[in-house]
Amino acid sequence: MIRHARPPLPVLDPALLEQMRGIQPASLGHYLTTGIISPLIRPLTSGKLLGRAVTVRQPLPDAVPVHLVLDQLGPGDVLVIDRAGDHHVACVGEMVARAALAAGAAGIVVDGVVTDIEELRELGLPIYARGLNVVTTRVLNIPGAELFGSVVIGDVIVRQGDLLFGDANGILRLDPADEGLPALVARAVADEAREVDWRQRLATGQSLAQLNGSARYA
């Protein structure tokens, strides 16, 4: 098992995170062309996801790597598991989710499958995966996993410490060190505030094409 060094993480402005909690990921995605995780990684439980990636690459049916990383989770972390193409054996179930929740994790994202969906939904932890199955990983302790390195989730490279932002519509991968992130969030906040007015205007029969400027191309 390879354990990569965990680099120091950029400090995130709490006010910025609070702004993000009040908007939809799609309001950022409207302006992005990268970092948009495949919709095949879909929400299996409800709730908004916002937190730092703690990464595992586990191509084998061995439960040990994920269980070890659970002990390294802290408040606001997102457990991110790259199954390296295995979409058959579930690496997350009720006990893994309970341990993550007890550590204060913000959610779990798996490029693969999970199990125990009824229990996962009762716990209320945001969980994203490709689907469900009844076969699970086991404690085997065989080599081949990587902890805290870069992984691929839904065709997007996710690095240890990246920011994951998701809701029922999907997930974004954001670089917390990106100097343009505060301006992007501010733009999205302004867009959502404007949409409050647009809803009222549309209800009175006004044209969406006029409101958003598309009418000038008629």
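Annotations
- All conditions but one from (1) within 19 Å of Gly161 (Cβ to Cβ); (2) not in a loop (DSSP other than H, G, I, E, B) apply to Arg98; the one that does not is (1).
- Val134 satisfies every condition listed in (1) modelled with pLDDT of 95 or more; (2) under 29 Å from Leu9 (Cα atoms) except (2).
- Selection count where residues are charged (D, E, K, R), within 13 Å of the chain's Cα centre (by Cα) and either more than 20 Å from Ser46 (Cβ to Cβ) or open to solvent by less than 20 Å² (accessible area, probe 1.4 Å) (or both), scope region 77-136: 2
- Test for Arg98: is it in contact with a Cys (Cβ under 7 Å, 6 or more places away or on another chain), among the basic types (Lys, Arg) and on the phi < 0 side of the Ramachandran plot: no
- Pairs, first over 12 Å from Ile127 (Cα atoms) and modelled with pLDDT of 95 or more in region 81-105, second of a type in the set (Lys, Arg) and crowded, with 24+ Cβ neighbours inside 10 Å, C-beta under 8 Å, six or more apart: Val89/Arg83; Cys91/Arg83
- Qualifying residue in region 47-57 (condition: among the aliphatic types (A, V, I, L, M), over 26 Å from Ala177 (Cβ atoms), surrounded by fewer than 23 Cβ atoms within 10 Å (Cβ to Cβ) and at pLDDT 95 or above): no
The values are calculated or read from the model by the stated rules, or taken from the named source; none is laboratory data. If you're wondering where the values come from, they're calculated on a predicted model, not measured in any experiment. Cβ atoms come from the backbone with ideal geometry, glycine included; neighbour counts cover every protein chain shown. Keep in mind that these areas ignore ligands, DNA and RNA; they rest on the heavy atoms of the full protein, side chains included. Shrake-Rupley method; radii C 1.70, N 1.55, O 1.52, S 1.80 Å.
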